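Written out below as structure tokens is the structure these notes cover.
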Amino acid sequence: MSESVSALPRPTSARRTVALSFTFQGRATRTELASYILSAVFVTLAVSFATALFAPYTVWALVSDGLTVLLAIPVPALLVRRLHDQDRSGKLVWLAIFTFAVWLVRVVIANVAGMDARIGFDRMTWLLDWAVIFANLAAVILAILPGTAGPNRFGPDPRQRST
């Protein structure tokens, strides 16, 4: 009985993802990725709704942006482990980091120089939005592709299936 229980895959959760925020080795399943995304969406919706009800727009915007940055911290490591599950290099995570960096620059410009400066920046860099769209699309496709069965060069199969 104990052998069959220990053979079960470890549960995946958002807590595991947060605990492994700076671990770029190993593999992550699609379930772990989906669990973290759903948890982040739930937290964002709850905090955003509460803040929108009880705080002015400027406070809501700062809380929303701060929460987005906070919840993004574990994502690069999670995506690297997800790519490792497919036996791909973790360097492809730069697709997601690029899109996040573009968003962050826009937020900083809006908060430091005002919305007129942000609009001016957007008008000059509209072509960059196409690169962001394609990078996001590529990152999503890579994230949802199935992992390799059995162990690969990045470690054992987190689903513990055989080849």
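Observations on the structure shown:
- Rounded to whole Hz, the Karplus (6.51, -1.76, 1.60) HN-Hα couplings of region 100-109, x for glycine and proline: 5, 5, 4, 4, 5, 4, 4, 5, 5, 4
- Region 2-144, relative contact order in percent, only Cα pairs under 8 angstrom and at least six apart counted: 25
- Panel order for ARG15, ARG27, ARG88, ARG106, by other beta carbons found within 10 Å of each beta carbon, from fewest to most: ARG15, ARG106, ARG88, ARG27.
- For the chain: rounded, prolate or oblate by the Cα gyration tensor [a/c cutoff 1.5]: oblate
- When each of ILE144, ILE37 is scored by the number of other beta-carbon atoms lying within 10 Å, the sequence from fewest to most is ILE144, ILE37.
- Remark: relative contact order (region 74-141) = 31 percent; criterion is Cα-Cα distance under 8 angstrom and separation of 6 or more residues.
- Centre-to-centre, using Cα atoms only, region 89-111 and region 59-74 are separated by 14 Å.
- Karplus (6.51, -1.76, 1.60) ³J(HN,Hα), θ = phi - 60°, over region 44-54, in Hz, Gly and Pro reported as x: 4, 5, 5, 5, 5, 5, 5, 5, 5, 6, 10
- For the residues ALA46, ALA28, ALA135, a GNM of the chain with alpha-carbon springs under 10 Å puts the largest fluctuation on ALA46.
Bear in mind these aren't lab numbers, they're just calculated from the coordinates by the rules spelled out. If you're wondering where the values come from, they're calculated on a predicted model, not measured in any experiment. A quick note on method: Cβ atoms are made from the backbone with ideal geometry, for glycine too, and the neighbour counts reach across all protein chains shown.
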